[in-house]
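S.K.: Could you have a look at this structure, given as structure tokens, before my questions?
Just so it is clear, none of the values below were taken in a lab; they were calculated from the coordinates. Because the structure is predicted, anything quoted here is derived from the model rather than measured. Cβ coordinates were reconstructed from backbone atoms using ideal geometry, including for glycine residues, and neighbour counts include every protein chain displayed.
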Amino acid sequence: MRLLPAAAAAALVLGVAAPLALTAPASAATVVVTDPTGDAGGAKRLDVTRVKVANDDRRVVVRTAFAADRSGVLVVSLDPRGDTGLRLVARKNGSGDVSAEVVEGAFTDREPTEAPLECDGLRLRWADDVARLSMPSTCLHDGDYGAVRFSVLTERAGGGDSDEAPQTAQGEIGSSVWIPRG
């Protein structure tokens, strides 16, 4: 049996496209970093125990767990591969009020600034000993990026570093592995 050129083309398209239509949608790539309890330099400081970052197509979600519910500042540095990054800054004061902003420059950038960036849709939920930041992907290079890596730093409410994750073998702040975009 001979197929006409149009029928052959249709069979080829259906043979390739049909299985692709049945594949599951992309999901966020996720990396988890753990950090020892008690290394924050004092009982009243934000002590990071676990950080989970999901690099989704539409959002980057950071979930940070602490050893206890404390006030302070959480700084999450997001570094896209081959470009400048930014920092998500979340604050919790002694009365439990929280706020968040996006600041220009990742820790790995040569000259990070303190310049705030516009980021519509940035969300912060800080409940007890867990802080969750959710940033729309459009806040980082208008969504034009791929893999990211992260570093987390906490500070006392009055200033001064408390804890960081991940850490290098020398005890300095490090970076996670690259997280592909999901």
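S.K.: Can you pull out every residue in region 154-174 that is assigned to a strand (DSSP E or B) and either of a type in the set (Ser, Thr, Tyr) or surrounded by fewer than 20 Cβ atoms within 10 Å (Cβ to Cβ) (or both)? Give the steps one after another, and end with the answer.
M.R.: Just the residues of region 154-174 that are assigned to a strand (DSSP E or B), to begin with: 154-155, 161-165, 167, 173.
Hits for region 154-174 are Thr154, Glu155, Asp161, Ser162, Gln167, Ile173.
S.K.: Also, quick follow-up: Which one of these is of a type outside the set (D, E, K, R), part of a strand (DSSP E or B), free of Cβ contacts under 8 Å to residues at least 40 places away in the same chain and out of contact with any Lys or Arg (no Cβ under 8 Å at 6 or more places or on another chain): Val103, Val32, Val60, Val89? Break it down into steps so the answer makes sense when it comes.
M.R.: Values: Val103 fails: out of contact with any Lys or Arg (no Cβ under 8 Å at 6 or more places or on another chain); Val32 fails: out of contact with any Lys or Arg (no Cβ under 8 Å at 6 or more places or on another chain); Val60 fails: free of Cβ contacts under 8 Å to residues at least 40 places away in the same chain.
Being of a type outside the set (D, E, K, R), part of a strand (DSSP E or B), free of Cβ contacts under 8 Å to residues at least 40 places away in the same chain and out of contact with any Lys or Arg (no Cβ under 8 Å at 6 or more places or on another chain) holds for just one of Val103, Val32, Val60, Val89, which is Val89.
S.K.: Right, another one. For region 104-119, how many residues are more than 15 Å from the chain's Cα centre (by Cα) and small (Gly, Ala, Ser)?
M.R.: First, pick out the residues of region 104-119 that are more than 15 Å from the chain's Cα centre (by Cα): 109-118.
From what is left, the residues that are small (Gly, Ala, Ser) are 115.
Final tally of qualifying residues: 1.
S.K.: Let me ask something else about it. Right, Gly94: more than 16 Å from the chain's Cα centre (by Cα) and in a loop (DSSP other than H, G, I, E, B) or not?
M.R.: Numbers: more than 16 Å from the chain's Cα centre (by Cα): yes; in a loop (DSSP other than H, G, I, E, B): yes.
Yes.
S.K.: Quick one: in region 106-137, which of the residues that are free of Cβ contacts under 8 Å to residues at least 60 places away in the same chain and not in a loop (DSSP other than H, G, I, E, B) is surrounded by the most Cβ atoms within 10 Å (Cβ to Cβ)?
M.R.: Step by step, filter region 106-137, then rank; the result is Trp126.
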